[in-house]
Each structure stands twice: as structure tokens, then as C-alpha cells.
1. Would you confirm, using the coordinates I've provided, whether residue A:128 is crowded, with 17+ Cβ neighbours inside 10 Å and either out of contact with any helix residue (DSSP H, G or I) (no Cβ under 8 Å at 6 or more places or on another chain) or not in a helix (DSSP H, G or I) (or both)?
2. Which numbered condition trips up residue B:74, out of (1) surrounded by fewer than 18 Cβ atoms within 10 Å (Cβ to Cβ); (2) assigned to a helix (DSSP H, G or I); (3) in contact (Cβ under 8 Å) with a residue 40 or more places away in the chain?
3. For the range B:101-119, what are the residues that are touching a residue at least 12 places away in the same chain (Cβ under 8 Å) and buried (at least 21 other Cβ atoms within 10 Å of the Cβ)?
4. Would you check which residues across the range B:1-46 are closer than 18 Å to residue B:171 by Cβ, away from ligand 1 (no atom under 12 Å from the Cβ) and either surrounded by 16 or more Cβ atoms within 10 Å (Cβ to Cβ) or not assigned by TED's automatic domain parsing to the domain that holds residue B:242 (or both) and list them?
5. Here are B:104, B:89: which of them is closer than 17 Å to residue A:189 by Cα and facing chain A (nearest Cβ under 7 Å)?
6. Regarding the range A:236-250, can at least one residue be identified that is in a loop (DSSP other than H, G, I, E, B) and surrounded by 22 or more Cβ atoms within 10 Å (Cβ to Cβ)?
7. Being surrounded by fewer than 18 Cβ atoms within 10 Å (Cβ to Cβ) and out of contact with any helix residue (DSSP H, G or I) (no Cβ under 7 Å at 6 or more places or on another chain) is the requirement here; does residue B:126 meet it?
8. Considering every residue within the range B:186-204, establish whether at least one is in a helix (DSSP H, G or I) and within 16 Å of ligand 2 (Cβ to nearest atom).
Ligand SMILES: Nc1ncnc2c1ncn2[C@@H]1O[C@H](COP(=O)(O)OP(=O)(O)OP(=O)(O)O)[C@@H](O)[C@H]1O
Ligand SMILES: [Mg+2]
């Protein structure tokens, strides 16, 4: 008994040691392959900071642009919220077919999961570049790029939420003769609601951040403004854009924390 | 008159060993039957084949005059509405109130739209309150289910089943997660339902003593086969050994199964 306990602990130590050694090896290999040197990287850090401090401070000229920035910022934020909510609705109904608890065929489950994985694993920036062929530099491009990744991610998240928190209630209502749609509204939605809302709020935050990047590509929203100022070397205005995005994201996070606390 | 008849029912999960092996028995209307047996014997499988939460592989199950194995989706739902089910882990929708969970028992008899909206008639609501009152839960009606104790949750589960007006109630280890006091309350309620409402009850149990005390008839299952079927006074120590395995090793896995 005692021997085997010792063995277990010994094996665990060995495991940690091996993992640690492997991590170091991976770092060394990848660092030398990419010619990245941690020490040089760290050394250039203060200089970079000084440059940021000097050039990226919003000045008076930038402040004059603030109304325009605010306008685009709100546009971007609203778009992100709209995309997330619409994607969430689609994802919810789609996830019903991917959940094991709802009792659909295993093949249906598998297909849903694969489709979701496909949408999720293509980065939104790549979606944006692909969609640019069909929509051009248009707000729709950004909309669909965010929609696809959000849809894929939320489908997966909702499947897990439903499997985890709704299975028992689904089973009971099934056993009592309730039909599928009744079960969705009386068991799945009530029990999965906190999880669903949490994920939606998280995706809204993420999408506001991501939409900036996509906006640079598609020449829309706040990303476009940033790109414009940046290319004109108007760093102070560009930095104001960044600051306002940060403020917005923090504000959204505070609001969503509040919402979460109220509904949970 | 038998309300339920199993004839040579077998169940094979994913082509592994037989979970049920040629099981035959019949249950009369109004009976209170316990099914006992070690963990993995196939007790849950028997119950779930009746309302087709699990599809049996072969044989026939005639319930209230219908062969349930041949039912189409719609007919199956019809059969399920007259069959209550009580679960070890209560299976309530925890974030809804007690009264809403009780009213869930009506969903099978309602239209989709009414069910979706949770639109219940005054009559249904009064009935739900009356049932809750009977089970000693009148004060809890508006509480959320996650605020209740295990014993109270199980009583909500019973109320939900009664709300269905079932002919048969299937109980899959209704007291396995409860302390002895709460267990007694639950078993007493089940017995009362059986006596007063003439609802047939089939109860899976881990505790032999509880089965002996409450049932008119006990079915002992071991490794997918029925090894005992008789009155409680016929269940001798020898027979108990036959059910749980003479070397007692099955009894140990049984206890572990209960803990997990
Ligand atoms: N979904 C499933 N897939 C594969 N095998 C299963 C499945 N459900 C049950 N089994 C197997 O079928 C056999 C009977 O299981 P069952 O759940 O009916 O036993 P039980 O008597 O209810 O046990 P317990 O007392 O632990 O609830 C077991 O060997 C189990 O491993
Ligand atoms: Mg079981």
C-alpha cells in the first residue's frame, strides 16, 4: 500500500519534471528558429515605451476629432452587439441539434459540431479577407466575418452548457410526454439561461475588440479611423482612438458584470 | 389484469454484454413492485425500456394494451403522458419555481403553444397547489427549486408525476440520495399514492430493507436476469445472496456505486 503511494508520488514528480524540460526545449527550439531573443526583446522594451509616451499622447488636435471618433466607436459597438445577439440566436437553435442531451441522432450531433468547429477555427480576420471578395470593403463584410466566428464559438459553448445543466430536466420532460419545442422552452432555456447570457456578454466584449481589427481591413467603423490617422502619421489621434476603445471595452465589461450579477 | 407485460425482453448496449437477458414478468394494475439488485444489474434499463427512454433490443413490452416497442413518435408521447417517472437526482428544472415544475407534468397534454408560453388553466393551477399541499409543500410553491432540500425536491418530483394523472409511476432509485428520514417520507408518499389513487408503482431500490417494508412484490435482478420474483416474505437470506452474489463482492461495488 505504502509502496504504491510512494510510486504514485514519484511518478507525478517525474511527470512534472518531464513537462518542464519539454517546455524549455520547445522554447529554445522555437526561439532559435524564429531568431527571437528574450533578452533583446526585454532590452528594447523601455525604448518602445518611451516612444509611445512621447508620440502616442492625445493632444488638442486629437480632441477636436473626438466627436467623430465617438460616432464611429458607437457604430462599431452597436454592430458588435447586433452581430453577437443575432449569432447567438442562430447558435442556440443550432446547438440544440449538437447537444447529446436533446436526444438527436449521434450523426446529427457530429455534423453540428464539425460545422461549428469550422466556423470557429477560421479566424475572423481570415473570414473578413475571404468575404471581401464578395462584399468588397463594406460593413457587411465585417458583419459576416464576426457573425461566422461568433456563431461557431457560441454553438460550441451552448452545446456544452446544455449538456451540462439541462440534461436532467430534458430527460424528465421527455419522460412525461412533453414535445421537443415545449422542452426547449420549459427546460433548456430556463436552465441554460445564465450560461447563455454569460457567453453572449463575453462575446460582445470580444467582438468589440475584434471589430476594430476587422474595420482596418474592411475600411469601416473605428478600425478605419485608426488606420486613417495612423497612415497619416497622426499618432496622437490614433492613440485617442485606442484609448477610447479601451475605455469602451472596460465600460462594457463593467456593465456585463453587473448584468451577470443581477440575473445569476 | 396485467397493466404491464415483459416477454423475453433483451437489451444490448453498443454490442457489449447483455444488460437485459430474456426478461419476462408481468405486473397487475395497482401493484406496488420493487426491483432490487446490485449496481449494473439492469434495474434502470428495465424501467427505461417501459417508457422508451431506452429502446429494448428484442422481445415485447405490452403496457396498457399497447406494444410500446412498436409505437410511433406521437403514440409514444401519448404513452409517456400516462407514465410518471421519478429520478434519483430529482431532475427538476432548478431555476424554475416549485409550482412551475409541478405544472410541467401537464405539458404532454397541452398544445405546443400553451406549453411554450407556460399558459396553464386556473383548474390546472388549483390542482397543482392541492397536490403540493398534500405533499406538505404548500409553503414552498413559489420558491425556486434550487432552494429546496433533497427530500423536498423529490416531493416536487412526485407532485409533477401525480400532475400527469398517470396509470403507472416508474421510480428509479427515488431515495438513493436521501437520508433515512427523508427516505421514509418519500416512500410513505409513494405508498399512499399507490393505495389512494390506485396508481401502479414500480420502484428500483438499493435498500433491501425498504423493499421488504413497502412492497407487495419484489423482483430481484442480477446480471440482466430475473433471479427472484415473489412476495417479500418469500425473500429468504439465500435468495438475497443469489441476487447480490454469494461472494459479496458485488455488494461492495454496489456501495461504491451509491456513493459516486
Ligand atoms: N448508456 C449505456 N451505454 C452502455 N452501457 C450501458 C448504458 N447504460 C447502462 N449500461 C450497462 O448496462 C448494464 C445495466 O445498467 P443499469 O443502469 O440498468 O443498471 P442498474 O441496475 O440500474 O445499476 P445502478 O444500481 O448502478 O443504477 C450495466 O452493465 C451498464 O454498464
Ligand atoms: Mg440505475
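The values are calculated or read from the model by the stated rules, or taken from the named source; none is laboratory data. Predicted model only: the values in this text are computed from it and were never measured. In this analysis, Cβ positions are derived from the backbone assuming ideal geometry, glycine residues included, and neighbour counts consider all displayed protein chains.
1. no
2. The one condition residue B:74 does not meet is (3).
3. Those that are touching a residue at least 12 places away in the same chain (Cβ under 8 Å) and buried (at least 21 other Cβ atoms within 10 Å of the Cβ): B:101, B:102, B:103, B:104, B:105, B:106, B:108.
4. B:3, B:4, B:6, B:25, B:27, B:30, B:31, B:32, B:33, B:34
5. When all the criteria are applied, what remains is B:104.
6. Checked against the condition, which is being in a loop (DSSP other than H, G, I, E, B) and surrounded by 22 or more Cβ atoms within 10 Å (Cβ to Cβ), the range A:236-250 yields no hits at all.
7. yes
8. No; the residues of the range B:186-204 include none that is in a helix (DSSP H, G or I) and within 16 Å of ligand 2 (Cβ to nearest atom).
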